[in-house]
Amino acid sequence: MPMNAHEIESMIRAALPDAVVEVKDLAGDGDHYAATVTSSAFKGKSRVQQHQMVYAALQGHMGGTLHALALTTLAPDN
């Protein structure tokens, strides 16, 4: 059963409480999403480390229940 956008957003926010998360269903099929995640936890981290933090928040659903996620991560400027 595919994940919905709210589940993805909730899991990311649980792991990164200050995160601003925007999730879009790209194909309308519940399998292909794009997410933009902004969190102060990303400061000083490489892009790969930032993405790993988001994947960890998804607790193994990536590649299984969640088929595809186009991910953009940002650290706030202030």
Review point. Counting pairs of alpha carbon atoms under 8 Å apart in space and at least six apart in sequence, what relative contact order in percent does the chain give?
Key: 34 percent
Revision key, fill the gap. Of 69-75, 37-43, ordering from highest average Cβ density within 10 Å down gives 37-43, 69-75
Check your understanding: Around MET62, which amide H atoms from residues at least 5 apart in sequence, or from another chain, sit under 5 Å from its own amide H, with H modelled in the peptide plane?
Key -> none
Check your understanding: Could the peptides 3-9, 24-30 be put in order, highest first, of the mean number of other beta-carbon atoms found within 10 Å of their residues?
Key -> 3-9, 24-30
Revision key, fill the gap. For the chain, the Kirkwood Rh over every pair of distinct alpha carbons, in Å, works out to 12.4 Å
Revision key, fill the gap. per DSSP, antiparallel bridges as share of beta bridges in the stretch 7-78, % nearest 5, sits at 45 percent
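Rule-based calculations on the coordinates, nothing more; no lab input. Every value quoted in this text rests on a predicted model; they were computed, and no experiment measured them. Cβ: placed from backbone, ideal geometry, glycine included. Neighbour counts: every protein chain shown.
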